[in-house]
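Presented below is the structure to which this report refers.
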Amino acid sequence: NKAWGIELRGMDTVELYNNITVNFPQRHYYFSGSTNVRYDYNLMWNSNGSTPELIGYTLQSHDKRGIDPKFVSNFSDLRPQANSPAIDAGMTITAVTDDYEGNPRPGGTQFDIGAYEYPTSTSSPTPPTGLRIVPLS
């Protein structure tokens with residue numbers, strides 16, 4: 001029984017960006033015999049503190065290895081908490097306009113890593129202007 005996050009064998013022209021893999025005991029990424037594979041902005045984490053194993057995957061400059069994604073609730077609610085390192089840490093992919101729930105991407109200054117965008121802003125009503133106090137007679 002394989003316990004791998006993402007496996008590519010003999011694939012050509014693959015792009016992997018903005019993925020989160022969690023708790024894969026054998027390896028998070030396994031690339032073999034694949035060509036023209038581009039990847040970065042991925043977050044990989046093991047909750048037991050071990051270093052996520054990568055075979056054929058060279059860590060890229062924007063990857064986050066061994067970093068807790070800080071989900072709302074691990075394994076049941078995979079949306080990021082306010083302090084998640086995945087927020088505004090992803091690559092802009094113009095073809096992806098919405099997250100898993102249909103929220104627009106990006107929600108902040110740039111895309112989040114993972115399936116969900118964190119709602120970085122809430123709209124507040126604009127305070128009224130030009131008010132005057134009129135005494136009751």
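Comparing A89, T51, L136 along the charge dipole axis of the chain, the residue lying farthest to the positive side is L136, per the Cβ-charge model.
Our estimate of slack between A95 and I133, defined as 0.36 nm per intervening residue step minus the Cα-Cα distance, is 8.5 nm. Taking all protein chains together and a 1.4 Å probe, the residues M44, M11, M91 rank M11, M91, M44 from largest to smallest accessible area. Carbon-plus-sulfur fraction of the accessible area of the stretch 11-95, 1.4 Å probe, in percent? The value for the stretch 11-95 is 47 percent carbon and sulfur by accessible area.
Once the C-beta distance of S76 and E7 is scaled by a Förster radius of 22 Å, the resulting FRET efficiency is 0.30 to the nearest 0.05. Think of each Lys and Arg Cβ as +1 and each Asp and Glu Cβ as -1; about the Cα centre, that makes the dipole of the stretch 10-137 roughly 300 debye. DSSP beta bridges confined to the chain are antiparallel in about 15 percent of cases.
At 1.4 Å probe size, with every protein chain present, just tell me what the per residue accessible area of the chain comes to in Å².
On the way: 8680 Å² over 137 residues.
Spelled out: the 1.4 Å probe surface of the chain, per residue, equals 63 Å².
Report the paramagnetic label zone for Q110: residues of the stretch 78-104 whose backbone N is under 20 Å from a point 7 Å from Cα along the Cα-to-Cβ axis. Hits in the stretch 78-104 for Q110 at 20 Å: 80-100, 104.
The values are calculated or read from the model by the stated rules, or taken from the named source; none is laboratory data. Computed from a predicted structure; not experimentally measured. We place every Cβ from the backbone using ideal geometry, glycine too, and count neighbours over all the protein chains shown. Heavy atoms of the whole protein, side chains included, go into the accessibility calculation; ligands, DNA and RNA do not. Shrake-Rupley method; radii C 1.70, N 1.55, O 1.52, S 1.80 Å.
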